[in-house]
Amino acid sequence: MAIKGLGVVDQKYDGSNLKIGIVHARWNTAIIDALVSGAIKKLKEFGVKEENIFVETVPGSFELPFGTRKLQEKLRKTVGVELDAIIPIGVLIKGSTMHFEYICDSTTNALMRLNETLEIPVIFGVLTVLTEEQAEVRAGLKPGMHNHGEDWGAAAVEMATKFVKYE
Ligand code: DLZ
């Protein structure tokens, strides 16, 4: 049995009636693209329809909390769509200043607080890594390595099914 990672999914989930939002930063694009693809692949494997996956971008991870909150509101107001979960995706790579620490801390806290204020689950799709290589490994860009975006897709379906559309 694997020690790390998501583990075995506890039941078979049907995401065919779910609407899932993805808000992703554009910093570190190659890694972001892989993570977003991984999340979408997993959502589809769980039956989420392509037309029910709503993708929006923001400049960097610091903008993720605002983008996450506003995507829900924007879709509701413009096209009458009620999201069942949102996956914010960002990649923060440590540089030579304290910027990394501040953005990691504020972004993580703000996303966590959205779970207390929004009525839908907000998944934590942010990699906070020390090197580009660590990010590539976690995005499945190195041979044989696992794409964490897939875990975020699975987490969104599980949380939405258990706690939003459970009837
Ligand atoms: C400024 C900045 C830096 C230094 N590093 C990253 C990063 O590694 N990953 C990321 O997503 N965003 C970074 N940013 C941009 C900030 O998140 C934000 O977009 C800008 O400070 C503008 O508010």
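Worth pointing out:
- For the chain, the relative contact order comes to 30 percent (Cα pairs under 8 Å, sequence separation of at least 6).
- About the Cα centre, charge dipole magnitude for the chain (Lys/Arg +1, Asp/Glu -1 at Cβ), debye: 140 debye
- Computed E for GLU133/GLU167 - FRET, C-beta separation, R0 41 angstrom, nearest 0.05: 0.35
- Averaging 1/r across all pairs of distinct Cα atoms in segment 5-157 and inverting the result yields a Kirkwood radius of 15.6 Å.
- Within the chain, antiparallel bridges make up roughly 5 percent of the DSSP beta bridges whose residues both belong there.
- ALA139 sits among other residues whose Cβ lies under 12 Å from its own Cβ, and their net charge, with Lys and Arg +1 and Asp and Glu -1, is -4.
- The chain: calculated mean residue ellipticity at 222 nm from DSSP helix runs of at least 4, using -39500 (n - 2.57): -14500 deg cm²/dmol
- Expected-Rg normalisation [2.2 N^0.38 Å, Cα atoms] applied to segment 121-166: 1.39
- Each other residue within a Cβ distance under 15 Å of VAL157 adds +1 if Lys or Arg and -1 if Asp or Glu, for a net charge of 0.
- FRET efficiency for the pair LYS41 and LYS12, taken as 1/(1 + (r/R0)^6) with r the Cβ-Cβ distance and R0 = 22 Å, rounds to 0.80.
- Loop-located chymotrypsin sites (Phe, Trp or Tyr not before Pro) across segment 86-167 with a Cβ neighbour count of 10 or fewer within 10 Å are TYR166, with loop assigned by DSSP.
- GLU167, GLU50 arranged by Cβ crowding within 10 Å, fewest neighbours leading: GLU167, GLU50
Where a number appears in this text, it was derived from the coordinates with a stated rule and is not lab data. Everything numeric in this text was worked out from a predicted model, so none of it was measured. Using ideal geometry, Cβ is built from the backbone for each residue, glycine included, and neighbour counts are taken over all protein chains shown.
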